[in-house]
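Student: Before I ask anything, let me first share the structure, which is written out below as structure tokens.
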Amino acid sequence: MAGCTIASYQTLLYLFTFIATGEILCQVRNPERIQIPRVRSPVPIAATAQNNANVIGRPSNKQLANKQSSKSQQNSSRLLQQNPPAPPVSVKELFNSSSCVEPPFTCPHPRIQFYLYTRLTQNDPELLDVTDPESLYTSHFNPKHPVKIIIHGFQGGRNLSPSTDLRNAYFTRGNYNIIIVDYSTLAQIPCLNQVEWAPRFCGMCIAQLANYLADHPRGVPPDKLHLMGYSVGAHIAGLTSNFIKSGKIGRITGLDPTIIFYMSNNRSRDLDPTDAHFVDIIHTAAGILGQWGPSGHADFYVNGGTSQPGCASDSIIQTLSCDHTKVTPYFIESINSNIGFWALPCSNRFYFNLGLCNPPESEYVLMGEHVTHKARGIYYLNTNAKKPYAKGFVKPK
């Protein structure tokens, strides 16, 4: 899986260095302060709302120029993904790598972009400008359709899996507004000098997008948003909630949240149940590359939550990487599965493995896209080693 699989011992070394340093820096009492980004005054939005609230207007010359500029930015991003920067040759270079955020540290930032995909624009996404009300008016955004905001992980990108596979699965199912947060040029290699505050900065910029949608006549409030993040993207989704101006995010799905961040009483630093009306977490590499403990309203431990069938290999790197990335195919399959990933409530893995958890059928819940928002607690389930992964409803004997 391009963009998700750790391809070399060197990359894994960088990742573990990134994790260790991140855990140390997360304990800093007085982190660097960053000014919270502000969306432009809503006055221009209100001035044009009457004529444009329910239609996609014909772009003006200025808007065409902006679209041409966005095309240029897309091409630059694509070239960078096709020709990634050379990896650092020393740990020292990791403190000032090409993935470090350049000043000014304000949102919007040119290296954090929001691409809107709809069924009509699957192959030609629209770059949203959160400072321009016309950007949403002239896009194909439809407030009647569900809104999914996808945040990739380390070495990910909008043109890489799982972003591409998630889009395809959703559009197979129906009409959606899918917004990919593309910060790929900041996630190619670690930037240890900024690891403590960079995820918060990204969350601040995503919050600016959410606030823009909430303020716009053609937008939607935060409780209509479904944010989903893979690995470090899961924590960025949680950090976004700290900067929402009013209301609360509807749902956050954490796909094997990275172990980089502590699970502690400091709920402003990572993904936790206070970040949205409903937070569901899927664990596949818990305690290794992913967090072990529960951090949502509902936490699903797949195949025990630590190792996944079909991932064993002669390379420990490939095995660990496979365990961590296997979470995305599970969720993607859940979007259109006819039988679903049914999970049962169980207090711990030991009881689950011994078959000591035998709840009534009414307590089983679906994992993934169609999970009930009433689900609470810890759930376990098993999958097949190959596609289709879902086993459907299987009651233990």
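The values are calculated or read from the model by the stated rules, or taken from the named source; none is laboratory data. Keep in mind it's a predicted model, so treat the numbers as computed, not measured. Here Cβ is always computed from backbone atoms with ideal geometry, including for glycine, and neighbour counts include all displayed protein chains. Areas reflect the complete protein model, heavy atoms only, side chains present, ligands, DNA and RNA absent. Shrake-Rupley method; radii C 1.70, N 1.55, O 1.52, S 1.80 Å.
Student: Quickly run through region 99-124 and pick out the residues that are within 18 Å of residue 218 (Cβ to Cβ) and in contact with a helix residue (DSSP H, G or I) (Cβ under 9 Å, 6 or more places away or on another chain).
Tutor: Of everything in region 99-124, those that are within 18 Å of residue 218 (Cβ to Cβ) and in contact with a helix residue (DSSP H, G or I) (Cβ under 9 Å, 6 or more places away or on another chain) turn out to be 114, 115, 116, 117, 118, 119.
Student: Another question, then. Between a first residue in region 201-227 that is closer than 19 Å to residue 279 by Cβ and a second residue that is surrounded by fewer than 22 Cβ atoms within 10 Å (Cβ to Cβ) and aromatic (Phe, Trp, Tyr), which pairs have beta carbons less than 9 Å apart while being 6 or more apart in sequence or on different chains?
Tutor: The qualifying pairs are 203/243; 206/243; 207/243; 210/243.
Student: Looking at region 202-257, which of its residues are acidic (Asp, Glu) and in contact with a Ser or Thr (Cβ under 8 Å, 6 or more places away or on another chain)? It would help to see each step written out before you state the result.
Tutor: First pass over region 202-257, keeping only residues acidic (Asp, Glu): 215, 223, 256.
256 - this is the single residue of region 202-257 that is acidic (Asp, Glu) and in contact with a Ser or Thr (Cβ under 8 Å, 6 or more places away or on another chain).
Student: Might you let me know whether region 362-383 holds any residue that is within 20 Å of residue 286 (Cα to Cα), open to solvent by less than 30 Å² (accessible area, probe 1.4 Å), assigned to a loop (DSSP other than H, G, I, E, B) and basic (Lys, Arg)?
Tutor: no
Student: Something else: Is it true that residue 344 is in a strand (DSSP E or B), touching a helix residue (DSSP H, G or I) at 6+ places or on another chain (Cβ under 9 Å) and not aromatic (Phe, Trp, Tyr)?
Tutor: So residue 344 passes the test.
Student: Got a number for residues in region 134-161 being at pLDDT below 95 and open to solvent by 10 Å² or more (accessible area, probe 1.4 Å)?
Tutor: Residues that pass the stated criteria total 5.
Student: Also, I was wondering about something else. Please enumerate the residues belonging to region 103-117 that are surrounded by 21 or more Cβ atoms within 10 Å (Cβ to Cβ) and touching a strand residue (DSSP E or B) at 6+ places or on another chain (Cβ under 8 Å).
Tutor: Within region 103-117, the subset surrounded by 21 or more Cβ atoms within 10 Å (Cβ to Cβ) is 107, 112-115, 117.
Of everything in region 103-117, those that are surrounded by 21 or more Cβ atoms within 10 Å (Cβ to Cβ) and touching a strand residue (DSSP E or B) at 6+ places or on another chain (Cβ under 8 Å) turn out to be 112, 113, 114, 115, 117.
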